[in-house]
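Here's the structure we're looking at; comments come further down.
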Amino acid sequence: MYTEKVMDHFKNPRNMGEIPDADGVGTVGNPVCGDLMTIYIKVKDNRLIDIKFKTFGCGSAIATSSMITELAKGKTLEEAMKITRGDVADSLGGLPPVKMHCSNLAADALHAAIEDYYKRRGEEVKK
């Protein structure tokens with residue numbers, strides 16, 4: 001049902017934790033399944049130099065949270081805003097259709113963290 005990559009990111013999540021002095025924080029949830037994700041970002045020179053997550057949810061939610069941090073770390077804010085829900089699922093080798101909403105949460109949480117970063121700086125979101 002799950003790819004080897006999904007299981008690896010679930011069992012050995014990357015970048016799990018919190019950034020206490022984060023430059024941006026994005027929290028999203030899905031009331032239907034109960035998954036809740038928070039992404040924390042640290043930005044320097046318009047680039048994501050650190051990114052961490054905290055997720056309450058199923059294995060797919062944890063795996064997609066882990067994967068989004070891997071995809072986004074080191075990218076510019078504009079590049080990170082272009083990471084799509086499909087990119088997350090594809091990078092994991094696919095997700096069962098019933099779990100695709102998890103990849104939506106991961107991308108949405110990243111975008112919310114970047115939007116929060118811009119809001120804190122009083123800037124418009126650059127897409």
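A few comments on the model shown:
- Of the residues making up segment 37-52, just one is among the charged types (D, E, K, R), within 13 Å of the chain's Cα centre (by Cα) and closer than 14 Å to His111 by Cα, namely Lys52.
- Among (1) in contact with a Lys or Arg (Cβ under 7 Å, 6 or more places away or on another chain); (2) not in a helix (DSSP H, G or I), the one test that Leu95 misses: (1)
- The listed residue being in contact with a Lys or Arg (Cβ under 7 Å, 6 or more places away or on another chain) and among the charged types (D, E, K, R), out of Glu124, Glu79, Glu115, Glu70: Glu70
- Members of segment 20-30 that are within 15 Å of Ala109 (Cα to Cα) and either over 15 Å from the mean Cα position of the chain (by Cα) or not in a strand (DSSP E or B) (or both): Ala22, Asp23
- Each residue in segment 65-76 was checked for being surrounded by fewer than 21 Cβ atoms within 10 Å (Cβ to Cβ) and either hydroxyl-bearing (Ser, Thr, Tyr) or touching a residue at least 40 places away in the same chain (Cβ under 8 Å) (or both), and 3 of them qualify.
- Checklist (1) closer than 19 Å to Glu115 by Cβ; (2) in a loop (DSSP other than H, G, I, E, B) applied to Cys33, failing item: (1)
- Any hit, segment 88-99, residues being surrounded by fewer than 18 Cβ atoms within 10 Å (Cβ to Cβ) and of a type in the set (A, V, I, L, M, F, W, C): yes
Where a number appears in this text, it was derived from the coordinates with a stated rule and is not lab data. Just so you know, these numbers come straight off a predicted model, no measurement behind them. Note that each Cβ is placed from the backbone with ideal geometry, even for glycine, and that neighbours are counted across all protein chains shown.
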